[in-house]
Amino acid sequence: QVQLVESGGGLVQAGGSLRLSCAASGSILSVITMGWYRQPPGKQRELVASIDRYGGTTIHADSVKGRFTISRVNAKNTVYLQMMSLNPEDTAVYYCNRLGPSWAWGQGTQVTVSS
């Protein structure tokens, strides 16, 4: 069973930046299309960005396009989400997982943006 560990969240003022990291047990992450998801308070989880196994194709949701950037370093078995120009609507618990049938969800990392 793959274990996912997200980190890098925190409390930041509007306009600030954070970089989230996602690490997985084993090396399977390097051969899988991965995504970053978020779940705002009281809302459903949504996909915000995805990246193919080679890192050559990325897709970002319209709500974060131009502000968030997904990337990966397969040698480190890690996927990143660079977040800039954060606003209060970005407040959520952020998770990583593969696209398609998900692995067990990690605990996520809380991102709170104050106005």
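Some notes on this structure:
- Within region 45-80, the set of residues being more than 20 Å from VAL5 (Cα to Cα) and either part of a loop (DSSP other than H, G, I, E, B) or at pLDDT below 95 (or both) comprises TYR54, GLY56, THR57, ALA61, ASP62, SER63, VAL64, LYS65, GLY66, ARG67.
- Residue in region 38-54 that is surrounded by fewer than 15 Cβ atoms within 10 Å (Cβ to Cβ), small (Gly, Ala, Ser) and free of Cβ contacts under 8 Å to residues at least 12 places away in the same chain present: yes
- GLY15 being open to solvent by 40 Å² or more (accessible area, probe 1.4 Å) and either part of a loop (DSSP other than H, G, I, E, B) or at pLDDT 95 or above (or both): yes
- Verdict on SER25 being modelled with pLDDT of 95 or more and of a type in the set (S, T, N, Q): no
- Residue tally, condition at pLDDT 95 or above and either open to solvent by less than 30 Å² (accessible area, probe 1.4 Å) or in contact with a Cys (Cβ under 6 Å, 6 or more places away or on another chain) (or both), over region 1-12: 3
The values are calculated or read from the model by the stated rules, or taken from the named source; none is laboratory data. For clarity, every value in this text was computed on a predicted model and none was experimentally measured. Positions of Cβ are generated from backbone atoms using ideal geometry, with glycine treated the same way; all protein chains shown enter the neighbour counts. These area figures cover heavy atoms from the full protein model, side chains too; ligands, DNA and RNA do not enter into them. Shrake-Rupley method; radii C 1.70, N 1.55, O 1.52, S 1.80 Å.
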